[in-house]
């Protein structure tokens, strides 16, 4: 069976599961794609929509079908994602009718980028939720008669951002699924979905991408230079989105700043440590502080590797910092501090004050060297 998945050099396990559905003609009416952001969940959902319909042999114009699904064209496929709330909008409004011309232009621009690059993450100002009117609009989509397709595909991206009314509305569709309709929900945070929704979906978890896959996607889909792609990939945790954030933050400078934060914190030069953190906190960005903590945890993991004389380090250019620290503080509990910093990172979602979070970060790091002060 020819498959569009052959063009996707990642998620082979997921591809095998989806290909199995098609080959046995046992298609779940609802799928839940989970896993960290930036692993191709929406991309594979779009390719699955193509393969599912082409394999049925119902259409004679294969090129047209592929093109229309690739362009996220209704009624071939419905692509639902967070939208801003318009002025005087109510739950009976259509998803975009109350948006002003500038907002509509931004939404259309993001959609164009998604169509051109399936790994692009749609980000629109003030689009913090998937609204109930976006879910209600599915009924209109399904009412359109389109006999050319064997399956109608509804992709709900960032499904965890459905507000409570939207989740309730979707649940009604899942409880009485229309014939030949497949819902695909994609999310990095499935726990934020109602259990009644999760239980009605076939869950497929996506693996983090391999470093070489991140490098390839950065080069092929985002036009990044090979050198920077290979530099950030080991720090990306298998996520293209994380890799792109690191590049946007000037990765090489961020790596140097991380070493400065560590040195000043270990030396209890608190004001200097604060200044270094603030260098990368553009507009007090919560995402930025998470990346700073991630870089520090990566250095601590390198420290652990050095203790066991392992050879591959993320901070290979700063090997002397690992050597000096381990020589002076060989008994520091790295597991405990790593756990603490990881917990601090999770607090970002709780809208904690960034300055308070930074203070806790620096204090925890300074405590590592207290025994030798």
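The values are calculated or read from the model by the stated rules, or taken from the named source; none is laboratory data. This one's a predicted model, so the numbers in the text were calculated from it and none came from an experiment. A quick note on method: Cβ atoms are made from the backbone with ideal geometry, for glycine too, and the neighbour counts reach across all protein chains shown.
Points worth noting:
- Qualifying residue in the range 206-220 (condition: closer than 16 Å to residue 45 by Cβ and touching a strand residue (DSSP E or B) at 6+ places or on another chain (Cβ under 7 Å)): yes
- Checking the stated criteria, residue 75 turns out to be in contact (Cβ under 8 Å) with a residue 24 or more places away in the chain, more than 20 Å from residue 41 (Cβ to Cβ) and surrounded by fewer than 20 Cβ atoms within 10 Å (Cβ to Cβ).
- Flag for residue 283 being modelled with pLDDT under 90, part of a helix (DSSP H, G or I) and farther than 15 Å from residue 344 by Cβ: yes
- Qualifying residue in the range 189-201 (condition: without any contact (Cβ under 8 Å) to a residue 12 or more places away in the chain and more than 20 Å from the chain's Cα centre (by Cα)): yes
- Being surrounded by fewer than 16 Cβ atoms within 10 Å (Cβ to Cβ), under 21 Å from the mean Cα position of the chain (by Cα) and modelled with pLDDT of 90 or more is a condition met by no residue of the range 301-322.
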